[in-house]
Amino acid sequence: MALVGIAKLASQSELLEAKRQVQYFEIPSRSILNRTKPGMPFHWTINPYRGCEFGCKYCYARYTHEFMGMEDGREFESRIYAKAATPEILRRELRGTPRDDAIAIGTATDPYQPAERRFGRTRALLEVFAQEKGRRVSITTKSDLVARDLDLLREVARRNVLSINVTITTLNRRLARMMEPRAPRPDLRLAAVRALSEAGLCVGVYPNPILPMITDSERSLDALAAAACHAGAQYFGGGPLFLMPSAKKIFFPFLDERFPKLAESYSKLYAGGAYLGGAYKAQLRERVARMRERHGLGSAPVEYRPELWEGEEQGTLFPLH
Ligand code: SF4
């Protein structure tokens, strides 16, 4: 079959480096800001990498890579593409983007996965935001590498409204290693939450995705919310596992191997589609809300006014003409 579009670009990408079974490539990009569909909590997304080395067994993002010809879910975690020339592209695209639009970094792949240590594509984009003013930016990651950029993140937050979402699914190291084989340990992620919070940044913890019968117990979520609060997180939230067919191809064999007694229950739960709704979702929402209340956590980032806005006329930030 002839390759087209992104799949063609990916097949022609230059090999940057090969490590163990992981290969890193550079992929040309025409655009870095991707418009979301209506109804999303943000208007634009940015993903500096394609593919994600963390290799979480439940990863929903595999389906977003099928169009690159990565139909075997394992390529998603072993062929990592760093997008090229992104700061220049971002600067250009921001010129035509309303300041008040919410921009989310790290929605399809982790912006602080191991490739970031080598190629610094996320950091390069943050440097652009540090020169901006009045933007609304969020970052989602399950890596403690985010704390490397503490000073830069503070610069971004002085001029823009910034929130950082750290994903921690469980405090159980063994379980985390099983489900998220190459992601940093939960205690390291908590240490990053603490460092961000102590630096005065707006940070929250999301136990996403919450896995039925594996991480959804009151005890597990309570321990997570308590640890998040103790580390200085300001908000906490989470929703149930979303299982597209491409994620099932990896997740179901994982269940068969590690949780064979749950395999049948999962097949029934997800027989109707990728989303879990109804009573389960409602009960989970209630449980997460109870945890928030118990530990004094908010449900969303706190709105704040960046330091550099103080004393400024709003009209200078959001000109009407
Ligand atoms: S960190 Fe996120 S994008 Fe990366 S493998 Fe895990 S779930 Fe997927």
The farthest towards the positive end of the charge dipole of the stretch 237-317, of the residues Trp309, Tyr270, Ser299, given +1 on Cβ of Lys and Arg and -1 on Cβ of Asp and Glu, is Tyr270
Magnitude of the Cβ-charge dipole (Lys and Arg +1, Asp and Glu -1) of the stretch 158-288 about the Cα centre, nearest 20 debye, reported as 300
Any chymotrypsin sites (Phe, Trp or Tyr not before Pro) in the stretch 268-304 that lie in a DSSP loop and have at most 15 other Cβ atoms within 10 Å would be Tyr275, Tyr304
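Got a number for carbon plus sulfur as a percent of the stretch 175-321's accessible area, 1.4 Å probe?
54
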Largest fluctuation, Met291, Met213, Met179 only, Gaussian network model of the chain with Cα springs under 10 angstrom, belongs to Met213
Per the 1/(1 + (r/R0)^6) rule, R0 = 45 Å and r from the Cβ atoms of Arg177 and Glu88, FRET efficiency to 0.05 is 0.70
Among chymotrypsin sites (Phe, Trp or Tyr not before Pro) in the stretch 148-246, those in a DSSP loop whose Cβ has at most 16 other Cβ atoms within 10 Å are Phe242
With x for Gly and Pro, the residue-by-residue ³J(HN,Hα) of the stretch 131-137, computed from phi through the Karplus equation 6.51 cos²θ - 1.76 cosθ + 1.60 at θ = phi - 60° and given in whole Hz, is 8, 8, 8, x, 8, 10, 10
Once Arg118 and Arg185 are pulled to full extension, the length gained, defined as 0.36 nm per residue separation minus their Cα-Cα distance, is 22.1 nm
Between His230 and Ala300, the FRET efficiency computed from the C-beta separation at R0 = 22 Å comes out, to the nearest 0.05, as 0.65
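Within the stretch 266-311, report the GluC sites (Glu not before Pro) that DSSP leaves as loop and that have at most 12 other Cβ atoms within 10 Å.
Passing both the DSSP loop test and the Cβ count: Glu303, Glu310.
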For the table Lys57/Lys83; Lys83/Lys261; Lys57/Lys133; Lys83/Lys281, the rows whose alpha-carbon distance is greater than 31 Å are Lys83/Lys261; Lys57/Lys133; Lys83/Lys281
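Nearest 5 is fine: what % of DSSP beta bridges in the chain come out antiparallel, could you say?
25
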Once both label points are put 7 Å beyond Cα along the C-beta direction, the Lys133-Phe259 separation in nm becomes 5.0
For the stretch 249-261, Karplus-derived ³J(HN,Hα) couplings (6.51, -1.76, 1.60; θ = phi - 60°; whole Hz; x for glycine and proline) come out as 4, 9, 6, 5, x, 4, 4, 4, 7, 9, 9, x, 6
For Asn160, other-chain or 5+-apart residues with amide H closer than 5 Å (H placed, Pro excluded) are Gly134
Expressed per residue, the solvent accessible area of the stretch 63-191 in Å² (1.4 Å probe) is about 39
So Ala223 and Ala282, fully extended at 0.36 nm per residue minus their Cα-Cα distance, gain in nm 19.2 nm
Within the chain, excluding any trypsin sites (Lys or Arg not before Pro) found in a DSSP loop (not H, G, I, E or B) and having at most 11 other Cβ atoms within 10 Å, the longest uninterrupted segment runs 31-321
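The values are calculated or read from the model by the stated rules, or taken from the named source; none is laboratory data. Please read these numbers as outputs of a predicted model, since none were measured by experiment. Heads up, the Cβs are rebuilt from the backbone with ideal geometry, glycines too, and the neighbour counts pull from every protein chain shown. With ligands, DNA and RNA removed, areas are computed over all heavy atoms of the protein, side chains included. Shrake-Rupley method; radii C 1.70, N 1.55, O 1.52, S 1.80 Å.
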